[in-house]
């Protein structure tokens, strides 16, 4: 049985204490040591366009021609495979600390929450956003952990049953969403189109499990462990 849409998970103290360890990245602007992605598109008109209903329709109309990736991510990405620092020579010591903390944070979350693969580790500055996309290229059961400085942001996804955009407002501090991203070989109802934007500092750390029924059971077990 596939999970349609995303479930908002209230977090217990066990989960919050572990997630707090990752807040280092937003302290003292540590996140600015890496390059701001899509810096040329970091402005209000572009944000409004790439997170608009019209752009969502454009992506949905592409069908399987959409590769699943977001076209735009205006944020500081800490992806392990493409970690790019502002100036490697001038911040060599800081780069080493950031890399070490990143690995330690991912290991801490993976181990304590029994998660398989880190799919996203990103800090969005005020005005940051990620454009509508569906991650059909990375189909899996997933967890999306979000920290927000003031709660002035949101996550949006397309509900295939009600045929409307569902908005999940950010809250100050940590929150979690769990769901499933389907691929193009599956029912269209599993294609989870989503985007996010913020007017305050925001951090997202996402993990994926796998696509099989065992992963669905694992997701439910993890939810039970971290849910308040």
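Where a number appears in this text, it was derived from the coordinates with a stated rule and is not lab data. Please read these numbers as outputs of a predicted model, since none were measured by experiment. No Cβ is skipped: glycine too gets one built from the backbone with ideal geometry, and neighbour counts run over all protein chains shown.
Miscellaneous remarks
- Of the residues 46, 163, 94, the one that moves most in a GNM of the chain with alpha-carbon contacts below 10 Å is 163.
- Pair residue 82, residue 114: separation of 7 Å Cα→Cβ label points (nm): 3.2
- Counted residue by residue at 0.36 nm each, then reduced by the alpha carbon distance between them, the extension gain from residue 99 to residue 21 reaches 26.6 nm.
- For segment 1-148, average projected area of the Cα convex hull in nm²: 10.6
- Most mobile of 111, 51, 198 in a GNM of the chain (Cα contacts under 10 Å): 111
- Summarising the label geometry, the points placed 7 Å from Cα in the beta-carbon direction at residue 227 and residue 137 lie 3.3 nm from one another.
- In Å, descending, principal axis extents of the Cα set of segment 59-110: 46, 29, 15
- Each peptide in 38-45, 171-178 was scored by the mean count of other Cβ atoms within 10 Å over its residues; highest first, the order is 171-178, 38-45.
- Amide N proximity, segment 131-165 versus residue 212 label position 7 Å along Cα-to-Cβ, cut-off under 14 Å: 141
- Panel order for 218, 203, 62, by other beta carbons found within 10 Å of each beta carbon, from fewest to most: 62, 218, 203.
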